[in-house]
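Before any comments, here is the structure.
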Amino acid sequence: MPIFDDFLKIFPEKTLEILNPLWEALPEDDRQALKEKFEGLPLNLNLVNMLIDLAVVQAKVIVGHKSQVVIVGPANVGKSTLYNHLVREKADHAEVSPVPGTTRINQIADAGVFAVIDTPGADAVGPVGEKEKEEALNAAQEADFLVIMFDAIQGIKDSELQLYRQLTALHKPHLVVLNKIDLVSGKHEPEVIGKAASNLGLEATKVIPISAKRGLNVPQVLLGIVIADPQLLIPMAQALPHYRWKLTWRVIVTAAIISGTIALVPLPLIDFIPLITNQATMVLSIARIHNYRITLKRARELVATFGIGLLARTLFQQLSKLGGVPGWLLSSAIAAATTVAMGYAASVWFEKGERLNQKTFNTLTKNLTKFFVDNLKTRFKRKPSKKSFEQALQDTLEDSGLSDLNAIDQAAKE
Ligand SMILES: Nc1nc2c(ncn2[C@@H]2O[C@H](COP(=O)(O)OP(=O)(O)OP(=O)(O)O)[C@@H](O)[C@H]2O)c(=O)[nH]1
Ligand SMILES: [Mg+2]
């Protein structure tokens, strides 16, 4: 879609004023389609931060003016607790306590791609807490984005509803979160969320239940904030394949180490079944990362289409003829290499819906085998223990630089 490329060309300039109207001009379906890309991703706070960092590097976004994300809501709902999850520097943490009115003034900190602001309780009625309320509403007025927080136990009563109306009247992009969901038993959760939503006049899906204390659903809030920002949504979408590859790479490394260790007994002697099972299990995990659920049988079929057994035997024969490399090392290198190539093929399959061309698969396996042999042979004069071999494989995989999607794409081409 050329319009997205057009977007990107403008990035380093002063962006928001230009980008927003463009974004607004996008048909709702396109906007939705972009946002849906983010559904079903494996998430935790570190992973979301990794995705954001990738997006920033990917698009070389120079965030001149950081968006100001304001956390706002009644006293004691857990605003400062959420704030502490979002700020990147521990030194910036806000005070949290069970006493309502703990936060008295607005506090701002860096949250990576945006700035986050913690505010005092904004639900004062009468003179007590009036100043705090004003402070919070001022921040909301200046905000680029609001995280409006309520408490699952307190629910939405008159004062909460009044505050909500006051905040939405500012017409700022926002998320509504219902905190302390950990205090509600699982059985009652849908009812509590549904009631809060209907009191606010929202659909239940528009209220995100979280536990700031336990970190539950906090990554979803972070992702929600980031993808609501047109400056970031597009680079985030562009970074997704890289992000999924990074997750995939972790799975591949584990599987390649297992394969390499299984094959310490030279290949012509070993039974292929454990190797194929290991690779099929890896393919299942890679499918999950891409939000596909397939059976082990299907994963085995996918593995089988690459004829790994034959390829491994041929490579073993070819390379052992050259001499100078012990059989155990060669067979381990081949097993690890076929596993990495299979992982890459699975990634291409689930990412693009294409079967990796057999020639590419074979070339990649061959190149990787050579790489592993060269690296491992300098480390060991004789056959090592399983444990030190695992470590060496791990180091070699890490040193390969293939956790970078561009690097493995390149390695598959040559
Ligand atoms: N059970 C539970 N307690 C929470 C959660 N989040 C915060 N709390 C607790 O609720 C109390 C208030 O948390 P704060 O983060 O200080 O709340 P706040 O909204 O900043 O409060 P004020 O600054 O007084 O407006 C503390 O005792 C927190 O530990 C949560 O998700 N679950
Ligand atoms: Mg506070």
Quiz item: Among the residues of region 95-125 satisfying the criterion of being more than 7 Å from ligand 1 (Cβ to nearest atom) and β-branched (Val, Ile, Thr), which is nearest to Glu160 (Cα to Cα)?
Solution: Val125
Quiz item: Within the set of pairs 6+ apart or on separate chains, which have a first residue in region 70-94 that is over 21 Å from Asn44 (Cα atoms), a second that is basic (Lys, Arg) and within 11 Å of ligand 2 (Cβ to nearest atom), and C-beta atoms under 8 Å apart?
Solution: Val72/Lys79; Gly73/Lys79
Quiz item: Val128: within 11 Å of Met149 (Cα to Cα) and more than 8 Å from ligand 1 (Cβ to nearest atom), yes or no?
Solution: no
Quiz item: Just for region 123-140: of the residues that are surrounded by fewer than 20 Cβ atoms within 10 Å (Cβ to Cβ) and among the aliphatic types (A, V, I, L, M), which one is farthest from Leu178 (Cα to Cα)?
Solution: Val128
Quiz item: Of the residues Ala139, Ala152, which is at pLDDT 95 or above, closer than 18 Å to Val218 by Cα and either within 16 Å of ligand 2 (Cβ to nearest atom) or of a type outside the set (D, E, K, R) (or both)?
Solution: Ala152
Practice problem: Go through (1) in a helix (DSSP H, G or I); (2) in contact (Cβ under 8 Å) with a residue 24 or more places away in the chain; (3) closer than 13 Å to Val72 by Cβ; (4) not aliphatic (A, V, I, L, M) one by one and return the number of the condition Glu134 breaks. | Solution: (2)
Exercise. Report yes if Gln141 is among the polar types (S, T, N, Q) and either outside the structural domain of Asn76 (by TED's automatic domain parsing) or over 27 Å from Asn44 (Cα atoms) (or both), otherwise no.
Key: yes
Quiz item: Mind checking whether some residue in region 357-367 is modelled with pLDDT of 95 or more and among the aliphatic types (A, V, I, L, M)?
Solution: yes
Quiz item: Among (1) within 15 Å of ligand 1 (Cβ to nearest atom); (2) within 27 Å of Met50 (Cα to Cα); (3) buried (at least 21 other Cβ atoms within 10 Å of the Cβ); (4) not charged (D, E, K, R), which single condition is Ala143 missing?
Solution: (1)
Quiz prompt | Single unsatisfied condition, Gly323 versus (1) over 24 Å from Lys359 (Cα atoms); (2) touching a helix residue (DSSP H, G or I) at 6+ places or on another chain (Cβ under 9 Å) | solution = (2)
Exercise. With the condition kept exactly as written, say whether any residue in region 173-185 is outside the structural domain of Asn138 (by TED's automatic domain parsing) and within 21 Å of the chain's Cα centre (by Cα).
Key: no
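The values are calculated or read from the model by the stated rules, or taken from the named source; none is laboratory data. If you're wondering where the values come from, they're calculated on a predicted model, not measured in any experiment. Positions of Cβ are generated from backbone atoms using ideal geometry, with glycine treated the same way; all protein chains shown enter the neighbour counts.
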